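What follows is a single structure, written as structure tokens, with notes after it.
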Amino acid sequence: MRIALFITCFNDTMFPDTGKAVVRLLERLGHTVDFPAGQACCGQMHFNTGYRREAKPMVGRFAEAFAGYEAVVTPSGSCAGMVRDYHKVLDPEVDPPPVYELSELLVDVLGVTDVGAYFPHRVTYHPTCHSLRMLRVGDKPLKLLRAVRGIDLVELPAAESCCGFGGTFALKNADTSDAMLADKMRHVQSTGAEVLTAGDNSCLMHIGGGLSRLRTGVGTRHLAEILAAQEGDA
Amino acid sequence: MPDNVTWLGTPAFPEAARTALGNNQLRTNLRKATGTIRDKRLAVTGELADWEQLRDAGAALKLRTLRHLDSHLVRLEEAVTKAGGTVHWAADAAEANRIVTELVRATGQTEVVKVKSMATAEIGLNEALAESGISAYETDLAELIVQLGDDRPSHILVPAIHRNRAEIREIFRGAMGEWGRAAPDDLTDEPRDLAEAARLHLREKFLRAKVAVSGANFAAADTGTVGVVESEGNGRMCLTLPETLITVMGIEKVLPSFADLEVFLQLLPRSSTGERMNPYTSMWTGTTEGDGPSDFHLVLLDNGRTATLGDEVGRQALGCIRCSACLNVCPVYERTGGHAYGSVYPGPIGAVLTPQLVGVADKQAASLPFASTLCGACYDACPVKINIPEVLVHLRARAVDEKRGPVPSPETLVMKAAAMTLSSPRRLGWAQRFGAIGGRLVSRGGRIGRLPGPLKRWSDTRDTPVPARESFRAWWQRTRGEGRS
Amino acid sequence: MTEHANDKAGTSAPVTAGGAPAARATILGRIRTALADVPASEQPDDVEVPRDYARSHAGSDHVALFAERVADYRATVTRARAREARKVIAGSLSARGVKSLVVPDGFPADLLPDENGLAVLTDEPPLSVRTLDAAGGVLTTCAVGIAVTGTIVLDAGPGQGRRALTLLPDYHLCIVRSSQIAEDVPEALERLEPTRPLTFISGPSATSDIELDRVEGVHGPRTLDVVIIEEP
């Protein structure tokens, strides 16, 4: 099927490899990926910080860029949730396209759980709050990960507690964010995993930034990058 | 307008939270207590296969209540009056305090016993009574701990959740004697012994009390039946033994019908203390000859509630049944505790209720909707499905709009500039190229370490990756060429 | 925001002892302004309430469930046939060492033990709070039991007495007939008369105020025994 990729401004700028992984994965599964160049930001940061006036034009821009697509995929649970739950709130006139977070697209729309990936590492999965409680992706990401060959998937204790990122929360309430981060890092380290994965690079940047500062040696990888990985990859 | 919803002098949330986070004992106490209650709640809600249907019914009943609040209150007044009670209306805290004070004075008494009540804490009733020479004795164990410790409540259900058993023992030993019967010299920190000390201390107060003040968990408009849900029996003591009972109730606590309790009596105990049913629930309708108080007064309190009702999104916060499940699951509350919220209503529900009751022009109250990562755990736990994250972002917008003036703040300037960039693919492309260059200038080994300015606090504890040399869109353009625009 | 409400509010404002009638008009006026978005024609019942929740969560044997759930609160539960009931009650009282027993008016005489050495206190004339506080226990019937939640409901009817009787003595022995046990909360509320003074009791008094750990025994009776009389 023909699928439009909504890369998100954040991944576009900071984590292009995640976008490339989505393209590679979907093409490997036999689908066509479009990248509508008119896309920019979904407005989540502004909306969640209270700047609705500033966010509103982004909603119209988004609907325009993705008009006509029957499926839009994005490697971000929170951006998918923003479009789905709040674009109508910001602008009742717009008709947002159907946006799926990657695991939703794969499992619900495309009906696959084994995407033919190979990733021989010890991995633990953090379910991000918005994928869990806004989108209700449930165990879809875990189903996908379990089917990855070579993976040693270990359960993360207190997985469902928030990592403390929360967008501008991490800046406005830095001390509380730090305290939540510290607990999340402790749990990640207790698993002995080499890699922490999640469906959102924003949370991963926050947790991974802390893990890097403490020189824990635990790396972070977006779910898409693990699912795209294959034998013979460097 | 509302008097005691927020505590004067409490700094905005980020600063108050910093102080709280520095208290290791507090964090240990909170982690233990919230962990215990979370497991209990999940166990008893998990017993009911139709828990979601009960939540839907609870939410709908609250909507039915709020959309016709005037009609229900008038019906309630009629039913209570018919049953021998007297109904009073108080537009704000000062009026409520005046009504209660005059009612107590009319009895000639200078002491009242109190059942734990959020409404009377909100209006600062104890302080108001004290000014008129009337002593108010809190009789709920946790409220007693707070009162004896000259402390503030930090939780809706368990106001002394921030105290552990050893601290409670010290408070009892230090202060009980000043208020009445002293704690025994050999008091241990066993919860059973502490409860026994409270029993003995309060017993004499119950037996001589002539006037009681309570809140209410609900009042049924059709029958005029008022109810208090509790555990210890202090509520029953206050509601049964004195001659005069004065109940202060927020106007939103009315329910259309007694039969609606079939939903709330299932939702509340399971969400609150994690029990199938709380030990005691008392219900009374006006007065009953020869049983309980012969004089019953119901004070209906507005104090900012009608202003909240006027906000079509924020209104749902008035559906709160004060179970405190949202506090117990909140990752922010778990770390900071309740005092950081600077209000009698802490936690997620406080973050949506307090700013509405006092208004977002109040700087401290306006900081509360930002005290959340929007993780959504509160919404999942709420027995009446208050969409707390939705109200939080709604109130953030109100707080931002309130501050907009002719001269934009530094934050507004940054957000405006970001909006300019993020709403245009072309400008975003330029910014990405600048960002990649700038990032490489400040980075070492592909990571950015400590940064100055607004990003300082972020970078104090986290490394940040350098923006990619080639953005995704640049890569796509380079490798795939065409592309819809 | 119904016509109905407006009419009543306009005609029956009572002048009350402590509150200014002005506050009443102010609050009702504020509510109507706040609810400007609610169509004037909408009635409370127009707001639909989904009622697809279960009327009962009890399984097939709700009497056994009641016994089990009451016991979960650390109350002692005994099931007895009608003809053994008196003996079981007497046994409970003597096991607890009760010497003086409050027995409300209307308690079935055939269930009352006639043991020597047991002082029975009747509430006529009304017992003082000090006497009640000093009593060894209270023996009552109840209005309704709730199986799923393990709850006993008193409504101050015959055999139960006024509320203070079951509050001040430190021991409460409550007799529940199996026919009085409702399966779950909805059925129990249907059986009750709302305007009577109601007390829902689920186990002995308890608190979770210290570290959210449950401790039985604060102000209400610290010991609760329940005897279920099985009826055919």
Among the helices (runs of 4 or more DSSP H) lying completely within the range B:1-73, list those that include at least 2 residues that are facing chain C (nearest Cβ under 10 Å), under 22 Å from the mean Cα position of the chain (by Cα) and crowded, with 21+ Cβ neighbours inside 10 Å.
B:24-46, B:51-67
If I filter the range B:1-33 down to residues being hydroxyl-bearing (Ser, Thr, Tyr) and more than 17 Å from residue B:345 (Cβ to Cβ), which single residue comes out as modelled with the lowest pLDDT?
B:28
Look through B:454, B:408 and report the one residue that is more than 8 Å from every other protein chain (Cβ to nearest Cβ) and surrounded by fewer than 16 Cβ atoms within 10 Å (Cβ to Cβ).
B:408
Complete set of residues in the range B:422-433 that are of a type in the set (A, V, I, L, M, F, W, C) and surrounded by 19 or more Cβ atoms within 10 Å (Cβ to Cβ)
B:422, B:428, B:431
Report the residue count in the range B:376-399 for those that are touching a residue at least 12 places away in the same chain (Cβ under 8 Å), at the interface with chain A (Cβ under 7 Å from one of its Cβ atoms) and more than 17 Å from residue B:324 (Cα to Cα).
3
Among residues of the range B:360-369 being in contact (Cβ under 8 Å) with a residue 60 or more places away in the chain and surrounded by fewer than 24 Cβ atoms within 10 Å (Cβ to Cβ), the residue nearest to the chain's Cα centre (by Cα) is B:364
Look through C:111, C:121, C:93, C:167 and report the one residue that is within 20 Å of the chain's Cα centre (by Cα) and either farther than 30 Å from residue C:58 by Cβ or not aromatic (Phe, Trp, Tyr) (or both).
C:167
Out of all the residues in the range B:263-298, which are part of a helix (DSSP H, G or I) and among the aromatic types (Phe, Trp, Tyr)?
B:264
Would you be able to say whether some residue in the range A:210-224 is under 23 Å from residue A:130 (Cβ atoms), away from every other protein chain (no Cβ under 14 Å) and in a helix (DSSP H, G or I)?
yes
Could you tell me which of the residues B:340, B:419 is modelled with pLDDT under 95 and crowded, with 19+ Cβ neighbours inside 10 Å?
B:419
Count of residues meeting criterion [more than 7 Å from chain A (Cβ to nearest Cβ) and either of a type in the set (A, V, I, L, M) or crowded, with 19+ Cβ neighbours inside 10 Å (or both)] in the range B:460-473
1
Residues of the range B:196-207 being among the basic types (Lys, Arg) and either surrounded by 23 or more Cβ atoms within 10 Å (Cβ to Cβ) or without any contact (Cβ under 8 Å) to a residue 60 or more places away in the chain (or both), which ones?
B:199, B:203
Residues being surrounded by 24 or more Cβ atoms within 10 Å (Cβ to Cβ) and more than 8 Å from chain B (Cβ to nearest Cβ): count how many of those fall in the range A:164-187.
1
Can you tell me which residue is modelled with the lowest pLDDT among those in the range A:185-234 that are charged (D, E, K, R) and under 23 Å from residue A:144 (Cα atoms)?
A:233
Does the range A:22-32 include one or more residues that are in a loop (DSSP other than H, G, I, E, B) and facing chain B (nearest Cβ under 10 Å)?
no
Can you list the helices (runs of 4 or more DSSP H) found entirely within the range A:66-155 that contain at least 1 residues being in contact (Cβ under 8 Å) with a residue 60 or more places away in the chain and in contact with a strand residue (DSSP E or B) (Cβ under 8 Å, 6 or more places away or on another chain)?
A:77-81, A:140-146
For residue C:69, are the conditions met, namely being basic (Lys, Arg) and touching a helix residue (DSSP H, G or I) at 6+ places or on another chain (Cβ under 8 Å)?
no
Suppose we keep only residues that are more than 7 Å from every other protein chain (Cβ to nearest Cβ) and surrounded by fewer than 22 Cβ atoms within 10 Å (Cβ to Cβ) within the range B:251-296. Which one would you say is farthest from residue C:158 (Cα to Cα)?
B:257
Looking for something within 10 Å of chain B (Cβ to nearest Cβ), part of a helix (DSSP H, G or I) and within 22 Å of the chain's Cα centre (by Cα) - is there at least one such residue anywhere in the range C:131-138?
yes
Residue B:414 passes all but one of (1) under 21 Å from residue A:209 (Cβ atoms); (2) in contact (Cβ under 8 Å) with a residue 40 or more places away in the chain; (3) facing another protein chain (nearest Cβ under 9 Å); which number fails?
(3)
With C:199, C:195 as the choices, which residue is buried (at least 21 other Cβ atoms within 10 Å of the Cβ) and under 14 Å from the mean Cα position of the chain (by Cα)?
C:199
Enumerate the strands (runs of 3 or more DSSP E) found wholly within the range B:118-224, keeping only those where 3 or more residues are at pLDDT 95 or above and under 21 Å from residue B:241 (Cα atoms).
B:135-138, B:211-214
Test result for residue B:348, touching a His at 6+ places or on another chain (Cβ under 9 Å) and either part of a helix (DSSP H, G or I) or modelled with pLDDT of 95 or more (or both):
no
Of the residues C:97, C:145, which single one is within 26 Å of residue B:235 (Cβ to Cβ), outside any helix (DSSP H, G or I) and either in contact (Cβ under 8 Å) with a residue 24 or more places away in the chain or of a type outside the set (Gly, Ala, Ser) (or both)?
C:145
From the options A:170, A:182, A:158, A:174, residue that is in contact with a Pro (Cβ under 9 Å, 6 or more places away or on another chain) and of a type in the set (A, V, I, L, M)
A:174
Do you know which of the residues in the range C:36-62 that are among the small types (Gly, Ala, Ser) and within 25 Å of the chain's Cα centre (by Cα) is farthest from the other protein chains (Cβ to nearest Cβ)?
C:60
Just checking, does the range B:299-316 include any residue being part of a helix (DSSP H, G or I), β-branched (Val, Ile, Thr) and closer than 22 Å to residue B:264 by Cα?
no
Here are the criteria: (1) more than 10 Å from chain B (Cβ to nearest Cβ); (2) within 14 Å of residue C:104 (Cβ to Cβ). Tell me which single one residue C:162 does not satisfy.
(1)
Being over 30 Å from residue B:164 (Cβ atoms), at pLDDT 95 or above, of a type in the set (D, E, K, R) and surrounded by fewer than 24 Cβ atoms within 10 Å (Cβ to Cβ) narrows C:183, C:231 down to just C:183
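The values are calculated or read from the model by the stated rules, or taken from the named source; none is laboratory data. Keep in mind the model is a prediction, meaning the values are calculated, not measured. Note that we place each Cβ from the backbone using ideal geometry, even for glycine, and neighbour counts take in every protein chain shown.
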